[in-house]
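The values are calculated or read from the model by the stated rules, or taken from the named source; none is laboratory data. From a predicted model like this one, the values you see are computed outputs, not experimental measurements. Cβ coordinates were reconstructed from backbone atoms using ideal geometry, including for glycine residues, and neighbour counts include every protein chain displayed. SASA here: full protein model, heavy atoms, side chains in, ligands and nucleic acids out. Shrake-Rupley method; radii C 1.70, N 1.55, O 1.52, S 1.80 Å.
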Amino acid sequence: MMVADSSRTIPETTGFAGVAEDRSYAEIREEIRKLCASFPGEYWREQDRSQRYPTEFVAAMTEAGYLAALIPEEYGGSGLPLSAAAAVLEEVQRGGCNGGACHAQMYIMGTVLRHGSAAQKRQYLPGLADGSLRLQAFGVTEPTSGTDTTALRTMAVRDGDSYVVNGQKIWTSRAEHSDLMLLLARTTPREKTAKKTEGLSTFIVDMREAIGHGLTIRPIRTMMNHNSCEVFFDELRVPADNLVGVEGNGFQYILDGMNAERLLIASECIGDGKWFTDKSVAYARERVLFGRPIGQNQGIQFPIARAYAQLRAAQAIVNEGLAKFERGERCGEEANMGKMLAAEASWAAGEACIQTHGGFGFAEEYDVERKFRETRLYQVAPISTNMILAYLSEHVLDLPRSY
């Protein structure tokens, strides 16, 4: 049987829900599919049950060079554009795997690359490229400030050739499995700055040296296996040489990387949505009730089709954002919209997948419930939908600031 549209005839088994998929970076996508095939649902179910970090998967991604995709060739990476990293993460999610275990390295690294000193780049980027170092932890959010980053209380006070850090971070994912952390802390008290965005600085923390010497990590169990932690700083000394860029400009450095972060997370959501839709379509074709495939019923068809339409629309916005990012143009609108729309589309595809499978959608062995929990995260993190709407209202629609 063939599925036809106005321009071509495509075998049902070759494309996303019977329709041709994005062919950009086709070779990379094909290799990612092969890699993901070595980590089937059974592997991820076991990691989920035990709340275990998928060390083997991360090692395979590292060895294949995918986590070094954005690192320039002079430091041992591939020097690929952001759209290539987006293709990698999309295919990881579509393959049923969980890129949340390692995706942060792709966008955190950009802060070091764009704002780090020549010495910092030489010291850290080659190790990140060859896998001997992991930069997976991003210390920004705090219990009392949440998404109000400018209200954070963690302080870094200069003392000779080091900074002394005191405070606490929360939702610092992968802290137990990272060698380095990118930390945002106040170097000037809020009351002594003209603007609340001033006086924040960014540091590279070597967690291998810090644990037991002022750094404590406490895991947080959550509804999905995302390796989230609380991190406590008690008189932790960080070498002054580990300050990234200029003291007090850290907030701008963090903002600088957020568009990349949101575009990559959006690509993961699109991959999730495609996984759900592939599952839904396959099950709806093969499941027979009352003498006919359930996919023949509009009550099954329409939610799948609607979610598919949402995914295609989200992907168009994300692609536009990636293109702008790579041209060096402002892409905050597309990055924020793309992340929001992709997260909503993947959730809609997940809802349709659960409903299509009925009771089997809740059975662990089908992997639907696991992916359903995992994709729900991205309407909350790394930035909530409401914060995105506030950004669009103020910076795109020129409405009064709401907070």
The computed P(r) of the stretch 18-130 puts the percent of Cα pairs beyond 25 Å at 26 percent
Ignoring everything except DSSP H segments at least 4 long, calculate the 222 nm mean residue ellipticity for the chain; use -39,500 (n - 2.57) per segment, divide by total residues, nearest 500.
-14500 deg cm²/dmol
5 angstrom amide H check on Ser173, placed H, neighbours 5+ away:
Phe138, Cys229
Under the Kirkwood approximation for Rh and a Cα-based Rg, what ratio Rg/Rh is obtained for the stretch 121-190?
1.03
How far is helix 41-50 tilted, in degrees, relative to the longest principal axis of the Cα atoms in the chain, given as a value from 0 to 90 rounded to the nearest 10?
40 degrees
Between Leu392 and Arg287, 0.36 nm times their residue separation minus their Cα-Cα distance comes to what?
33.5 nm
Carbon and sulfur atoms: what percent of the 1.4 Å accessible area of the chain do they account for?
52 percent
Could you list the square roots of 5 times each eigenvalue of the Cα gyration tensor of the stretch 171-313, that is, the equivalent ellipsoid semi-axes, sorted largest first and rounded to whole Å?
47, 20, 12
Value of Rg/Rh across the chain [Cα atoms, Kirkwood radius]:
0.99
Solvent-accessible area per residue, Å², over the chain with all protein chains present [probe radius 1.4 Å]:
45 Å²
Per-residue counts of other Cβ atoms within 10 Å, averaged by peptide: what ranking do you get for 123-135, 265-277, 30-42, highest first?
265-277, 123-135, 30-42
Counting only residues 5 or more places away or on other chains, whose amide H sits under 5 Å from the amide H of Leu133 once H atoms are built in the peptide plane?
Leu128
How long is the gain from Thr188 to Ser402 if the chain were fully straight, where each residue apart is worth 0.36 nm and the alpha carbon distance is subtracted?
74.4 nm
Take the stretch 81-172, drop everything but the C-alpha atoms, weight them equally and run the Debye formula without solvent; then report log10 I(q)/I(0) at 0.19, 0.24, 0.25 Å⁻¹ to two decimals.
-1.14, -1.25, -1.25
Inverse of mean 1/r across different Cα pairs in the stretch 245-382, Kirkwood, Å:
16.1 Å
For the stretch 171-207 and the stretch 327-403, distance of Cα centres in Å:
26 Å
Tell me, what is the Rg over Rh of the stretch 348-403, with Rh the Kirkwood radius over Cα pairs?
1.25
Calculated from backbone phi, Karplus (6.51, -1.76, 1.60) coupling profile of the stretch 294-309 in Hz, x at Gly/Pro
5, x, 7, 8, 4, x, 8, 4, 5, x, 5, 5, 5, 5, 4, 4
Under 11 Å from the Cβ of Val157, count the other residues' Cβ atoms, weight Lys and Arg +1, Asp and Glu -1, and hand me the total.
+1
What's the long-distance tail for the stretch 151-248, i.e. % of Cα pairs beyond 17 Å?
50 percent
With θ set to phi - 60°, apply the Karplus curve 6.51 cos²θ - 1.76 cosθ + 1.60 along the stretch 397-403 and write out the HN-Hα couplings as whole Hz, x wherever there is a Gly or Pro.
8, 6, 8, x, 4, 9, 8
Could you list, in their original order, any pairs among Lys196/Lys274; Lys121/Lys169; Lys195/Lys371 whose Cα atoms are separated by more than 32 Å?
Lys196/Lys274; Lys195/Lys371
